[in-house]
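See below for the structure under consideration.
The values are calculated or read from the model by the stated rules, or taken from the named source; none is laboratory data. This structure is a prediction, so every number in the text was calculated from the model and none was measured. When we count neighbours, we look across all protein chains shown, and the Cβ atoms used for this are built from the backbone with ideal geometry, even at glycine. Please note that ligands, DNA and RNA were not included when accessible areas were found on the heavy atoms of the full protein model with its side chains. Shrake-Rupley method; radii C 1.70, N 1.55, O 1.52, S 1.80 Å.
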Amino acid sequence: QVALVESGGGQVQAGGSLTLSCTTSDGPFKGYAMAWFRQVPGKERESVAAIAWTGLSIWYTDSVKGRFTISRDVAANMMTLQMNNLLPEDTAVYYCAAQTLPRGLLFEYDVWGNGTLVTVSS
């Protein structure tokens, strides 16, 4: 049973934009943090952005600051990642994740989507 589903991936030229969405089921992670991660084949998965349940606390990895914006609509059980000025090095599979316990934004995430591929060509 899939609890998180990503959409919005695709191919874009450098400098372009994409919006990723993560739709959640009405699961136990309501009230807790959610995040976006990405992984390039052969490399470790890295955190991209995270957002608290309230939306008042947000974190970005340095390489996406000023280009990516994370947001969530708790009523719609949805989280988005607006990605602008994309670079070839942003190419990766992007995963949506959620916590099921009250941890900090940079701590363990328990529920994961299957990922959506973003390809940025130069």
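Of GLU44, GLU108, the order by accessible heavy-atom surface (1.4 Å probe, DNA, RNA and ligands excluded), from most exposed downward, is GLU44, GLU108. Extension gain for PHE107-ASP62 works out to 14.5 nm (0.36 nm per residue, less the C-alpha to C-alpha distance).
Mean-square fluctuations from a GNM of the chain, with a 10 angstrom spring cutoff on Cα atoms, peak among SER21, SER57, SER71 at SER57. When a 1.4 Å probe is rolled over the protein heavy atoms, the share of accessible surface on segment 68-122 that falls to carbon and sulfur comes to 56 percent. The longest stretch of the chain left intact once loop-based trypsin sites (Lys or Arg not before Pro) with at most 11 other Cβ atoms within 10 Å are removed from consideration, loops following DSSP, is 66-122. Shown here for segment 45-115: chymotrypsin sites (Phe, Trp or Tyr not before Pro) in loop regions (DSSP other than H, G, I, E, B) with at most 13 other Cβ atoms within 10 Å, namely PHE107.
Placing pseudo-labels 7 Å out from each Cα toward the beta carbon at THR119 and ALA76 gives an inter-label distance of 2.8 nm. Figure note: ASP110, ASP90, ASP62 ranked by solvent-accessible area, largest first, 1.4 Å probe, ligands and nucleic acids not counted: ASP62, ASP110, ASP90.
Largest first, the three principal axis extents of the alpha carbons in the chain are 40, 30, 27 Å in whole numbers. Would you mind getting me the FRET efficiency between SER17 and GLU46? Use the beta-carbon distance for r and R0 = 22 Å, nearest 0.05. So, using R0 = 22 Å, E works out to roughly 0.60.
Considering only alpha-carbon pairs that sit under 8 angstrom and 6 or more positions apart, the relative contact order computed for segment 67-122 is 33 percent.
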